[in-house]
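Structure first, commentary second.
The values are calculated or read from the model by the stated rules, or taken from the named source; none is laboratory data. All values reported here derive from a predicted model rather than from experimental measurement. Neighbour counts run over all protein chains shown; Cβ positions are idealised from the backbone, glycine included.
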Amino acid sequence: MTRFSATLAIDEAVRSRREAGGDVLHLGFGEAGLPVPPGLAEVLAQAHTHNGYGPVAGSTRAREAAAGWFTRRGRSTEPGAILLGPGSKPLLFALLAAIDGDVVLPRPAWVSYAAQAALVGRRVLTVPAPEASGGIPDPDLLEPALRRARAEGGRPGVLVLTVPDNPTGTVAPAEQIRAVLRIADRHGLAVVSDEIYAELAHHGSAPSPLTWLPERTVVTTGLSKSLALGGWRIGFARTPDGQWGRRLHRESTAIASEVWSSPAAPTQVVAAHALDDPPEIVAHVEASRDLHARLAVDVHARLLSAGARCRAPQAGFYLYPDFSPARDALRERGVHTGADLAATLLERHGVATLPGSAFGEPDTALTLRIATSLLYGATTEQRWAALAARDPAELPWIAPALAHLDHALRELTGPRDPHR
Ligand code: PLP
């Protein structure tokens, strides 16, 4: 049976605790937490007359805009290689359904890859990510894992990489990506490169696997994170040049034709506009990236001072602390697993996070995925103010939220109060 997605489940749990009057600091959901970028509401309103279905792969105008967007980022792309969808999640599903073989994932990895692989009847092979980065398997462990899988009757067929990564908030170094792709190439694997956070690399641009294995790499991305438009459901994929890529485009479009028919027509008009990179959108992404970086760095420091280990944030709005250095203090509080840790934080301290086990880690891993983006504010006005602030951590709604987190962390890992 398919379980409800862990990230969506925590969001619903937080909503019902708040409705019951609870004060919850929501660090559990991967929503960008920012307002609709300038100009897009007007474009969407004007597009309300677009009420026909339209082409399955997306309108010509939107596909041209997506191709131009890739081309301006140094990856020359024809509109015919683009497939738009209602978010990148269904596109990932269609691609995993269209590409044969077992699915190879880094561990930890975003929650939905393994669930989608199971839905399309594929086996999953997970390989630990490198210690200091995430989103790719450790190149030293990948080759032996693939050999072992084959010896045991497996058929590794597709490797999913997340660059930059959710849940770790890191950008795998180019050298490591290249090493992983050499192995993928030797083993004839296809590569799905999930680049939905690429515009949100805190410093410089994130390397794309497309650079090293162009003929076997399909890229997925969308506007949910960089433009905070998750609810408008705009995703797009770029299939590679060549025969294999064209076949993959045909097959995934055929799946789309049977599942979602076509992406929503009005939001494709928005996509076409935003993907042309108008200056106000470029400036907005820059401001968002800066805010994400500031708060991720701030919360990272708080996690380290509470005794956790944590990869330094490099992209997006995620942190992936490991509380195993505080194992003894946690044991005293009845915390033995990542799920205990997340449950204690939520139930005793009103802080919502997700345990590493939601991302494929063993139950015993004392890891959490923390999203910092819902700290920006609860209202559109607060979120605009956070984007404009010189020091967002000092804003009167963010500072108390950070103090709430500090308090929870102290209670969790600090010396115990003998009077309690
Ligand atoms: N890939 C990753 C790594 C994500 O974190 C998400 C959203 O959380 C998605 C894909 C799916 O995003 P969407 O379907 O909104 O494009």
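Residues that are aliphatic (A, V, I, L, M), over 23 Å from A149 (Cβ atoms) and surrounded by fewer than 24 Cβ atoms within 10 Å (Cβ to Cβ) within the stretch 169-199 comprise A174, A198, listed in sequence order. The sole residue among L142, L146 that is more than 15 Å from the ligand (Cβ to nearest atom), touching a His at 6+ places or on another chain (Cβ under 6 Å), farther than 18 Å from Y197 by Cβ and free of Cβ contacts under 8 Å to residues at least 60 places away in the same chain is L146.
Consider the stretch 112-124 and keep the residues that are buried (at least 17 other Cβ atoms within 10 Å of the Cβ) and out of contact with any Lys or Arg (no Cβ under 9 Å at 6 or more places or on another chain). The one that is nearest to T162 (Cα to Cα) is Y113. For the stretch 61-87, a tally of residues being surrounded by 14 or more Cβ atoms within 10 Å (Cβ to Cβ) and among the β-branched types (V, I, T) returns 2.
Just one of the listed residues (P325, P321) is surrounded by fewer than 18 Cβ atoms within 10 Å (Cβ to Cβ), within 17 Å of E411 (Cα to Cα) and modelled with pLDDT of 95 or more, and it is P325. In the stretch 72-101, the residues that are outside the structural domain of P240 (by TED's automatic domain parsing) never reach a residue that is not in a loop (DSSP other than H, G, I, E, B) with C-beta atoms less than 7 angstrom apart, at least six apart or across chains.
Contact annotation: residue pairs with Cβ atoms under 7 Å, 6 or more positions apart or on different chains, pairing a residue in the stretch 159-170 that is assigned by TED's automatic domain parsing to the domain that holds E143 with a partner that is at pLDDT below 95 and within 9 Å of the ligand (Cβ to nearest atom), are N166/G30. Of the listed requirements (1) within 14 Å of the ligand (Cβ to nearest atom); (2) within 28 Å of H300 (Cα to Cα); (3) in contact with a helix residue (DSSP H, G or I) (Cβ under 6 Å, 6 or more places away or on another chain), W232 misses just one: (2).
When L319 is tested against (1) in contact with a Ser or Thr (Cβ under 6 Å, 6 or more places away or on another chain); (2) in contact (Cβ under 8 Å) with a residue 40 or more places away in the chain; (3) not polar (S, T, N, Q), exactly one condition is not met: (1).
Applying the condition of being assigned to a strand (DSSP E or B) and within 9 Å of the ligand (Cβ to nearest atom) to the stretch 209-229 and asking which residue is surrounded by the most Cβ atoms within 10 Å (Cβ to Cβ) yields G222.
In summary, P396 fulfils each of the numbered conditions (1) part of a loop (DSSP other than H, G, I, E, B); (2) touching a residue at least 12 places away in the same chain (Cβ under 8 Å); (3) under 30 Å from H284 (Cβ atoms) with the single exception of condition (2).
Across the stretch 366-383, the number of residues qualifying as assigned to a helix (DSSP H, G or I) and either basic (K, R) or within 23 Å of the chain's Cα centre (by Cα) (or both) comes to 5.
Quick one: which residue in L189, L200 is more than 16 Å from the ligand (Cβ to nearest atom) and not assigned by TED's automatic domain parsing to the domain that holds V297? Selected residue: L189, the only one of L189, L200 that is more than 16 Å from the ligand (Cβ to nearest atom) and not assigned by TED's automatic domain parsing to the domain that holds V297.
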